[in-house]
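Some notes on the structure that comes next.
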Amino acid sequence: MLERVESVTHEAPDLADRYAQTRAASVALSAGLSDEDCVAQSMPDASPVKWHLAHTTWFFETFILEHFEPEFQPFDQAFRVLFNSYYNAIGEKHPRAQRGLVTRPSRSAVLDYRRNVDARMQALFASSMGAQFSALVEIGLQHEQQHHELIITDFLHLLSLNPALPTYRPEATLPPPAGPLRWHDFAGGLIEMGHDGLTFCFDNEMPKHRQFLEPYQLASRLVTNAEYLAFIKDGGYTTPSFWLSEGWDFVRAQKSTQPLYWHLIDGVWHQFFCNGLAELQMDAPVLNISMFEASAYAQWAGARLPTEAEWEHAATQNPALEQMFSAWQWTSSAYAPYPGFRVQAGALGEYNGKFMVNQYVLRGASLATPAGHSRPTYRNFFPATARWQFSGIRLAR
Ligand SMILES: [Fe+2]
C-alpha cells in the first residue's frame, strides 16, 4: 500500500496539531517531484499537484480566515479566482480544464502562500475561536485529506501519459490478495443506512434512514486481475450484450480493450502503478476501471454490481468480508440525496449536494485514501466513465 497519510487521526485531540500534520502531509506528497511535475495537467478531470497545494490553502483562506480574521486581507487577490474550484457563491473561478496553463504563481510562490495561511491559522488556533471555527477547520482538514488522494491519482495519470512510465513512489505496493471467492448471504428486509452524525461525516452521508432490501449475496472479496483477464479473453470488450448502451459506445469510441493502466508487452500483461511498470499481479484486485467496465464484467460473470445500500448493510453486518477498503467499489446506485437530505446554507452547501446528478456511488476506500476516510457510510462518486481512480469490482447477486 501507499503509506497512509498520517494526518487524519480522529483521536488526535488538538486541532492545531492535526492542522499542521494534514498540511505537512500535502507537501510531503509532492516532495521529490520537480516543478515541471507539479504544473502539468493530464486531462480536464485531473488537476496539477501545484493547483491542489494552492486550492486546499485557498479553502482555509476563504472559508476561515476571511470570516475570523479581524483585519483580513487576501494573500493575493488573483488567487481568489485562480484557486476557487467550483464555489459559485464565492465568485469567479478559473476554468478547470486550464489549470495546467497556470505557470505563475510558481510552485515556490504557492508554498509561500501555504506558509502564510498556515501562520495565520495558527494565530487563530492560539486565540480559542469557538465551535463554529472548529467545525470549519474540521471540514477544511477533511477536504485537504480528500485532495491527498487526488494528488496521487491525478499525478499517476499524468505519469501514465509519459511513454517512459516513470515511477512516482517506489515503496508503493498493490492491495494484498484475499482468499478464495465465497458468497455471503444477507436476508435483507428493512435496514438502516447513513451516518448518525455523532462523529465527523460529510453531509451526503446523512441523514440516517431506512431502506428495504430483497435477500442478496455479496462476494467475499474483490474481482482479481486474473478474473478480469478471463473476461477480456472471453471477448469481454467485443461483445455488446455485456455492456450498458452508453458503456458500449464509450469503449468503442475510446477503443478500450483493457483497464486504464494495463499494458501488453511482448505477450505479457503489465500494470502501471505508483511503483512504476510491473508484471500484472494476477491475484491482486483489478483497478482503474470505469463503472461501465465493472458493469460489463458483472454481466459476463452472471452477477451484478451491488447497490450502495447492499454494500453498506453488508459492511456493517459481516466483518468476514475481505478487501472492503482496498479499492473503491462501483455500485449500481446513482449518486442522489438521501431522503431528508438538506443542502447546508452558504457556499459550503456547494461541497457535495450540487454534484448529485449523472454520477455513480463508489463505496469502500483505496490504497490512496487517507486513514480516517474509510467508513461504511462514506460515499464517493464519479461519472460512469471515470477510470483514473483506484476503482474495482465487488459482485453481488
Ligand atoms: Fe477541493
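Being touching a helix residue (DSSP H, G or I) at 6+ places or on another chain (Cβ under 9 Å), of a type outside the set (Lys, Arg) and within 13 Å of Ser26 (Cα to Cα) narrows it down to one of Val117, Val137, Val102, Val110, so name that one.
Only one candidate passes the filter, namely Val110.
On the basis of being away from the ligand (no atom under 14 Å from the Cβ) and either farther than 20 Å from Arg115 by Cα or among the charged types (D, E, K, R) (or both), does Pro44 make the cut?
So Pro44 passes the test.
Looking at Ala347, Ala315, which one is surrounded by 15 or more Cβ atoms within 10 Å (Cβ to Cβ) and at pLDDT below 95?
Ala347
Any residue at all in segment 164-173 that's within 16 Å of the ligand (Cβ to nearest atom), among the aliphatic types (A, V, I, L, M) and surrounded by 12 or more Cβ atoms within 10 Å (Cβ to Cβ)?
No, the conditions are met nowhere in segment 164-173.
Of all residues in segment 356-397, count the ones that are of a type in the set (D, E, K, R) and either in contact with a Pro (Cβ under 8 Å, 6 or more places away or on another chain) or surrounded by 20 or more Cβ atoms within 10 Å (Cβ to Cβ) (or both).
Qualifying residue count for the region: 4.
Quick one: which strands (runs of 3 or more DSSP E) lie wholly within segment 188-255 and hold at least 2 residues that are surrounded by 13 or more Cβ atoms within 10 Å (Cβ to Cβ), acidic (Asp, Glu) and in contact with a Pro (Cβ under 6 Å, 6 or more places away or on another chain)?
none
Which condition from (1) away from the ligand (no atom under 16 Å from the Cβ); (2) more than 18 Å from Arg363 (Cα to Cα) is the one that Val137 breaks?
Unmet condition: (1).
For segment 82-97, what are the residues that are more than 12 Å from Glu61 (Cβ to Cβ) and either more than 15 Å from the ligand (Cβ to nearest atom) or of a type in the set (S, T, N, Q) (or both)?
Matches in segment 82-97: Ser85, Asn88, Gly91, Glu92, Pro95, Ala97.
More than 23 Å from Gln281 (Cα to Cα) and at pLDDT 95 or above: is that true of Ile152 in this structure?
Here the answer is no, as Ile152 does not meet what is asked.
Does Glu293 satisfy the condition of being free of Cβ contacts under 8 Å to residues at least 40 places away in the same chain and among the acidic types (Asp, Glu)?
no
Please list, ordered by residue number, the strands (runs of 3 or more DSSP E) wholly in segment 303-397 having 1 or more residues that are of a type in the set (Ser, Thr, Tyr).
By residue number, 328-334, 360-364.
I want to confirm something. Restricting to segment 59-114 and keeping residues that are of a type in the set (Lys, Arg) and either free of Cβ contacts under 8 Å to residues at least 60 places away in the same chain or within 21 Å of Phe133 (Cβ to Cβ) (or both), which single residue is surrounded by the most Cβ atoms within 10 Å (Cβ to Cβ)?
The qualifying residue surrounded by the most Cβ atoms within 10 Å (Cβ to Cβ) is Arg99.
Which residue pairs have Cβ atoms under 7 Å apart, sit 6 or more places apart or on different chains, and have a first residue in segment 142-153 that is in contact (Cβ under 8 Å) with a residue 24 or more places away in the chain and a second that is near the ligand (Cβ under 8 Å from one of its atoms) and among the polar types (S, T, N, Q)?
His143/Thr56; Glu144/Thr56; His147/Thr56
Please give the number of the condition Pro70 fails out of (1) within 14 Å of the ligand (Cβ to nearest atom); (2) at pLDDT below 95.
(1)
The values are calculated or read from the model by the stated rules, or taken from the named source; none is laboratory data. This one's a predicted model, so the numbers in the text were calculated from it and none came from an experiment. Note: ideal-geometry Cβ built from the backbone for every residue, glycine included; neighbour counts use all protein chains shown.
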